[in-house]
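Remarks on the structure that follows.
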Amino acid sequence: MVGMTASMRVRRLDHYNIDTAKPDETVAFYCDVLGAVNDPARRPDFGFPGAWLFLDDHPVIHVNFIDEDRTGPTGAFNHIAFEAEGFLDLCQRLDDRGIRYATNELPEIDLLQVFARDPNNVRLEFNIRGECEAVAAARADG
């Protein structure tokens, strides 16, 4: 292993970084839908405008404000996945905002998934574990 030690491991998503010409819409999307917190005082001055959006006190989403829209193909980047909870609440948040999404239910591994796109056409995947039984019960109750 050249350049790596045996103790190196990837533990979780640290952050992802997107460029947007839609700063207000993008920040609102992540704050409203994911419950992220925009705390401008905690973002260092990088010499360009942007935002750090926090989940569980960690700046998971870095947003760079740019002048020209660059949405479109992003090379090998396909989507960003978040571990989440609250399947029904997430679906309701998306419904309330008119955001289209798809779901996938894999009860055999107790996994619910929600797929959506942010205002910049970035594909998002939300993996919700351990809620299949409760969601099925809530649906049965009507």
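All of the numbers you see were taken from the coordinates with simple rules; none came from a lab. The shown structure was predicted, so the numbers you read here are calculated from the model rather than taken from an experiment. Note that each Cβ is placed from the backbone with ideal geometry, even for glycine, and that neighbours are counted across all protein chains shown.
In table form, for the structure just shown:
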{"read-out": "At R0 = 35 Å, FRET efficiency that the Cβ-Cβ distance of Glu108 and Asn64 yields, to 0.05", "value": "0.30"}
{"read-out": "Net dipole in debye of region 16-140 [+1 Lys, Arg Cβ; -1 Asp, Glu Cβ; about Cα centre; nearest 20]", "value": "260 debye"}
{"read-out": "Options (i) 8.4; (ii) 9.1; (iii) 11.9 - which one matches mean projected area of the Cα convex hull in nm² as calculated here", "value": "(iii)"}
{"read-out": "In sequence order, calculated HN-Hα J values of region 95-112 (Karplus, 6.51, -1.76, 1.60; Hz; x Gly/Pro)", "value": "4, 4, 9, x, 8, 6, 7, 10, 10, 9, 10, 10, x, 5, 10, 6, 10, 10"}
{"read-out": "The chain - percent relative contact order, Cα under 8 Å, separation 6 or more", "value": "21 percent"}
